[in-house]
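Below is one structure, written out as structure tokens, with a few remarks after it.
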Amino acid sequence: MALSEKLTLPLEEIKKLYENGQSTVTIARTFRVGTTTINRRLSAEGIQLRKANDPRAQEEKLRLFWSKVDKNGPIPTHYPELGPCWIWTGALARGGYGKFRNGTKTVRAHRFAYELEHGPIDRDIFGEEVHIMHLCDNPPCVRGSHLSKGMQSENIADMVVKGRSARKLIL
Ligand SMILES: [Zn+2]
């Protein structure tokens, strides 16, 4: 980025956003500059930078997450007692799963939601995080009660029960 652009960064606005709890990553994205640029400008102003696990940073992350969720989704026809799906309205990954920017990492929105509701995702004997499946069979859904951990085999069994991918399994 050119120096002239850096000089035009609205410092007062950036300071206000940061003080209101926005992360430097979010601010950097807003102004289309690197996070380091924002960090340096704030530090130069004598502002003490928050750690990533600062409660306000966490709060802001959650606010951002839920701002992208529509809680009036469809009710699963095969499992109506689950109630409506909470649909991710942000960016989608392959397979229709939501994508969420969690600090410097992009994560699956339903996995992020699962951890909010149920705690950290378990790892299997190979040290891999276990698969999180949708009881509602709706990939963009992020409602904690619609999500369940399952081994791959359980997912397949679940799909068979719902009649999905049955043909593939016969082959
Ligand atoms: Zn759902």
task = Scan the helices (runs of 4 or more DSSP H) fully inside region 26-125 and keep the ones with 3 or more residues being within 15 Å of the ligand (Cβ to nearest atom).
result = 109-118
ask   = Identify, please: which residue in region 98-136 is in contact with a Phe, Trp or Tyr (Cβ under 8 Å, 6 or more places away or on another chain) and farther than 20 Å from Ala57 by Cα and is, among those, surrounded by the fewest Cβ atoms within 10 Å (Cβ to Cβ)?
value = Ile121
inquiry  = Restricting to region 108-128, name every residue that is of a type in the set (D, E, K, R) and in contact (Cβ under 8 Å) with a residue 12 or more places away in the chain.
reply    = Arg108, Arg111, Glu117, Asp122, Asp124
request  = Please determine, by comparing only the residues of region 65-84 that are touching a residue at least 40 places away in the same chain (Cβ under 8 Å) and hydrophobic (A, V, I, L, M, F, W, C), which one is nearest to His134 (Cα to Cα).
outcome  = Leu82
ask   = Inside region 33-50, can you point out the residues that are among the small types (Gly, Ala, Ser) and either outside the structural domain of Leu17 (by TED's automatic domain parsing) or surrounded by 11 or more Cβ atoms within 10 Å (Cβ to Cβ) (or both)?
value = Gly34, Ser43
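The values are calculated or read from the model by the stated rules, or taken from the named source; none is laboratory data. Worth saying up front: this structure is predicted, and the values here are computed from it rather than measured. Note: ideal-geometry Cβ built from the backbone for every residue, glycine included; neighbour counts use all protein chains shown.
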